[in-house]
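Data block below; observations after.
Please treat every number below as a calculation from the coordinates, not as lab data. Everything quoted here is computed from the prediction, not taken from an experiment. Note that we place each Cβ from the backbone using ideal geometry, even for glycine, and neighbour counts take in every protein chain shown.
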Amino acid sequence: MTTATAPASPGLTHKQILTIMSGLLLGMFLASLDQTIVSTAMRTIADKLNGQTAQAWVTTAYLVTSTVSTPLYGKLSDLYGRKPFYLFAIGIFLVGSALCGQAHSIYELAAYRALQGLGAGGLLSLAFAIIGDLVAPRERAKYQAYFTSVFATSSVLGPVLGGFLAGQATILGITGWRWIFYVNVPIGLAAFYVVWRNLALPRRRTVHRIDYLGAALLSSTVVPFLLLAEKGPDWGWTSGTSLTMVAIGFVSLGLFIPRQSRLGEDAILPLRIFRDKVFSVVSVVATLVGMVMFGGLVLMPLYLQIVRGESPTRAGLMLTPFMLGLMGSSLVTGRVMQRTGRYKIFPIFGTAILFFGMLLFSTLKVDTPIWQAMVYMVVVGIGLGLTMQMLVISVQNSLPPQDMGLSTSAVTFFRSMGGTLGAAVALAVLFGTVLGNIKERLADSPYKALAGQVTGAKLDNTSTLLASMPAPVKRLVLEGYADSMHTVFLVVALLAIPAFVLTLFIKEVPLRTSGGIAAAKEDGELAMAETAVV
């Protein structure tokens, strides 16, 4: 049972929506930028903190907490209101950022990154839910395209900014790498103020209980698989540690599902949403698209840096065509959907183009012209731009308005899980095949004995070795890397095939003519009182 203490927000003008969006975009920019800016500078940070052997935990801690918290934000914001949880997410992210800048050991940094991740889980999902509350689905893609553009921009800007800050000894008397975290503070404060000042959503009081046990079981289901995806290559896929992670994950899942069934509407992930055909299909598609997206994109910087010898900063700038393709197709898609009201066709074409783009990536060689690689990036960007926002909108439009947060965060959750798995698979295939490919390249050359000096699992060591190799040997080693990347891109491309097939089965539900709050009021799901807008 749900009661409310505030009237629905009045119809907003385009200018008012853009004002609110400016705060949401800043918040989302924080979370999306943080993933790329830190990864670029991680080697420098690990050197400064004497934590080379433990640096992977800095990334893993952030990934685990941001992924696990995503569905929790969605459920809780549906029950108690979106605005307080979004402000909480910004606040906890800023606290984590400030602490990261103060870290004096790699383990301190990992703990503070975990705190950051708790905030990022809300920033990445609630922004889409808030826009869903305010804007009708037919208009929504136009606004959500801005979020996609922010994601694309951060993908390019992150490596550039991270490389620059990490390369500075000090800035204003503070060690350069610490600014990677401090730069979040003014951006986050601006986002907090804009959202607090301009966003007016109904406050909802509920008698639902919070499923703490369900949240714990969800965490113990997801965390082992995330840890396995990140650390599996180091542990060994069949090691006792890896098998223990698998066992914990499946046992927790076996306990989580009946728990959710018993609790009904009080569940963290009510099982009824999986009975919705649109949601069930889109969840699988989102997982596969996440695998393709991150599995492919994690290799492009490696191709540019290892095979082409570019610096991290230049490699980041060279990803600009991907950003342009993603932004352009997102904006065009939003305009077309606004005029026609049709949306199913976009993920169909998007996944097909994504498959074609990964096939093009698989043709990259040591001497492929850079402009050609950039054209391929545009193709992949277009495919993702046609797909990503439409998956979110289709689920938001299919499930009841009161599930706006749950539906949005669930799609984000599945895409994040797919992205983690896709990146892990891509790197495992790359480093699992590269040594064999290099040996094969060197087998018939006078340099066969040097093959053992290249370790496919140690990227940093390989880069150092390449710098000291004679040109003929270096060429053969780079060709071995290109061969492995060819294999990875083909594997990733194959994942786009089932995604394409499943998009054919997405039911195109007529788009609602009002935003989530108005639609819920019309359906009698959100009773409004006379006071207190938060």
For this session: Calculate the dipole size of the chain relative to its Cα centre from +1 charges on Lys and Arg beta carbons and -1 charges on Asp and Glu beta carbons; express the result in debye to the nearest 20.
Result: 580 debye
For this session: Using the number of other C-beta atoms within 10 angstrom as an exposure proxy, rank W179, W196 with the fewest first.
Result: W196, W179
Problem set entry | Per-peptide average of other Cβ atoms within 10 Å, ordering 98-107, 405-414 highest first | 405-414, 98-107
Exercise. Can you give the helix-only mean residue ellipticity at 222 nm for the chain, where every DSSP H stretch with n ≥ 4 adds -39500 (n - 2.57) and the sum goes over all residues, rounded to the nearest 500 deg cm²/dmol?
Worked result: -25500 deg cm²/dmol
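For region 142-285, what number results from the quotient of the Cα radius of gyration and 2.2 N^0.38 Å?
With N residues counted in region 142-285, Rg over 2.2 N^0.38 Å equals 1.49.
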Problem set entry | Principal-axis tilt of helix 320-340 within the chain, Cα atoms, nearest 10 degrees | 30 degrees
Problem set entry | Angle in degrees between helix 240-263 and the longest Cα principal axis of the chain, rounded to the nearest 10 | 10 degrees
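For each of I273, I370, count neighbouring Cβ atoms within 10 Å of the residue's Cβ, then give the residues from fewest to most.
With the fewest neighbours first, I273, I370 line up as I370, I273.
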For this session: Sort R308, R441 so the one with the fewest other Cβ atoms within 10 Å of its own Cβ comes first.
Result: R308, R441
Exercise. Given the pairs K439/K474; K231/K474; K15/K75; K142/K277; K231/K365, which span a C-alpha to C-alpha distance of over 18 angstrom in this model?
Worked result: K231/K474; K15/K75; K142/K277; K231/K365
Seminar exercise, completed: Inter-part gap, Cα centre of region 128-199 to Cα centre of region 328-380, in whole angstrom, is 24 Å
Problem set entry | Rg ratio (alpha-carbon, reference 2.2 N^0.38 Å) - region 212-267 | 1.27
Problem set entry | Cα principal axis extents for the chain, largest first, Å | 83, 50, 47
For this session: With everything on Cα atoms, drop me the angle between helix 212-235 and the longest principal axis of the chain, reported from 0 to 90° to the nearest 10.
Result: 10 degrees
Exercise. Can you list the HN-Hα couplings for region 370-385, worked out from phi with the Karplus curve (6.51, -1.76, 1.60; θ = phi - 60°), rounded to whole Hz and with x for Gly and Pro?
Worked result: 4, 4, 5, 4, 5, 4, 5, 4, 4, 4, 4, x, 4, x, 5, x
For this session: Could you order peptides 118-129, 331-342, 56-67 by the average number of other Cβ atoms within 10 Å of their residues, highest first?
Result: 118-129, 56-67, 331-342
